[in-house]
Structures are given as C-alpha cells and as structure tokens.
Amino acid sequence: MTMTAVDICNLALSRIGNSIPVVTITGTTSTNQEAVCKLLYPIVRDLVLRDAPWECAQKSATLAGAATGPQGWAYQYTYPSDCAKVLKVMGTASPRVDEPQPFEIIVVSGVRKICTNQASAVARYTALITDPAEFDQTFINALAYYLASEVAMPLSASPDAAKASLAAYE
C-alpha cells in the first residue's frame, strides 16, 4: 500500500496517542497538528534518509564536473544534486569496479564537492527522496517513529512519548 506524507504524519501522531488526524501538511494548515507536521516532516524525512543506507533510496551515478582536487586528492567532483549522503566512491574500470575508494566531502565557495584519487568515479549514495511512493515499509516505519519522537513535545508535552518513540526508532 502506497502511503502519502499525510498518512505518515497520521501514523506518527497515532504513536503518541494523538487522535486528531491531519488532512494536509502543505499550504494553509488549520490545526496545530497540521502546522507541526508541516514544519517537522521534511526535516525529519531528510534526517532519517541520512541516518542509514536505506535500500529504497540507494542510487549510483557517475560523478560529473571532474577538476583537479585540493592537496592530497587528485580529483574533485560535483556533489550529486539529489544526494543525501555519499556511501562510497568507486571506479568505473577494472580492477576498481565496485571497490570502495577513499573520499572526502569538502565545501568550496559554498558548494559541496567529492574529493578522491579515483579517475572516472562513480558514487553510491542515499538519494534525497521526497516522494513517499518511493519509500519502502521499513523506511516508512522508521520515519513515523522518528517523526513521532519530534512531534510528541509540541503536541502532547509528553517527554515519555517522545522517548518511547525515539527508542522504537533506534
């Protein structure tokens, strides 16, 4: 069953004992629950994506924008625009195909770059997925628990509900 962002928010709310469902988390919100979910859902979604190598969000791409790297690195590449977290950098030709290579993420003039000694590099990464239709059930469950831990205080003022939800996520 495909879930929407609203469904995930309602699942999180149910986990803290909140029985007032949200109808929307975009545009104008009419309840405190909707306002809190609108604020926290995208932040928590991106945080949970970065937290583990979720199968539903893994992607590989040949890195673009090769340039001479800073000291200690032969190359620097453009950070993929849909990348939440780089998992590994590999080569495209034998003997380094699928063999992880050392890399470092740097920021140059406010732009993230991937530095490596690997020519023709490919990155395996967790993509920044925003469409809940692409989430698998394991990710949805984890996202709902973490979201529950974040919405618990503003909506229920219950530290116990927040702690219980965070413990279930971990």
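Leaving out ligands and nucleic acids, and using a 1.4 Å probe, what accessible area per residue does the chain come to in Å²?
52 Å²
What is the percent carbon and sulfur in the accessible area of the chain, measuring with a 1.4 Å probe over the protein chains and ignoring ligands?
Exposed carbon and sulfur together represent 53 percent of the surface.
Could you compute the net charge surrounding VAL22? Neighbours are other residues with a C-beta less than 14 Å from the C-beta of VAL22; K and R count +1, D and E count -1.
Within the 14 Å Cβ shell, the charges total 0.
Mind computing the radius of gyration and Dmax over the alpha-carbon atoms of segment 2-154? Å is fine for both.
Final numbers for Rg and Dmax: 19.0, 58 Å.
Take ALA64 and LYS88, extend 7 Å from each Cα along the Cα→Cβ direction, and tell me the distance between the two endpoints in nm.
Each label point is offset 7 Å from its Cα along the Cβ direction, giving 2.5 nm.
If you bin the C-alpha pair distances of segment 78-170 every 10 Å from 0, what whole percents do you get?
15, 29, 25, 23, 8, 1
What nm distance separates the two modelled labels at THR28 and GLU55, each placed 7 Å from Cα along Cα→Cβ?
The modelled label-to-label distance comes out at 4.4 nm.
I'd like the isolated cysteines in the chain, meaning no second cysteine's beta-carbon lies under 4.7 angstrom from theirs.
CYS56, CYS83, CYS115
Past 22 Å, Cα to Cα, is the threshold; run LYS38/LYS113; LYS59/LYS85; LYS88/LYS163; LYS85/LYS163 against it and keep the listed order. Please report the intermediate quantities before stating the final value.
Numbers: LYS38/LYS113 31 Å; LYS59/LYS85 10 Å; LYS88/LYS163 33 Å; LYS85/LYS163 26 Å.
Going by Cα-Cα distance, LYS38/LYS113; LYS88/LYS163; LYS85/LYS163 fall outside the 22 Å limit.
Per DSSP H run of n ≥ 4, the term is -39500 (n - 2.57); total these for the chain, divide by its residue number, and report the mean residue ellipticity at 222 nm rounded to 500 deg cm²/dmol.
Per the formula, -12000 deg cm²/dmol.
The values are calculated or read from the model by the stated rules, or taken from the named source; none is laboratory data. All values derive from a computational prediction rather than experimental measurement. We place every Cβ from the backbone using ideal geometry, glycine too, and count neighbours over all the protein chains shown. Note: areas computed on protein heavy atoms with side chains; ligands, DNA, RNA excluded. Shrake-Rupley method; radii C 1.70, N 1.55, O 1.52, S 1.80 Å.
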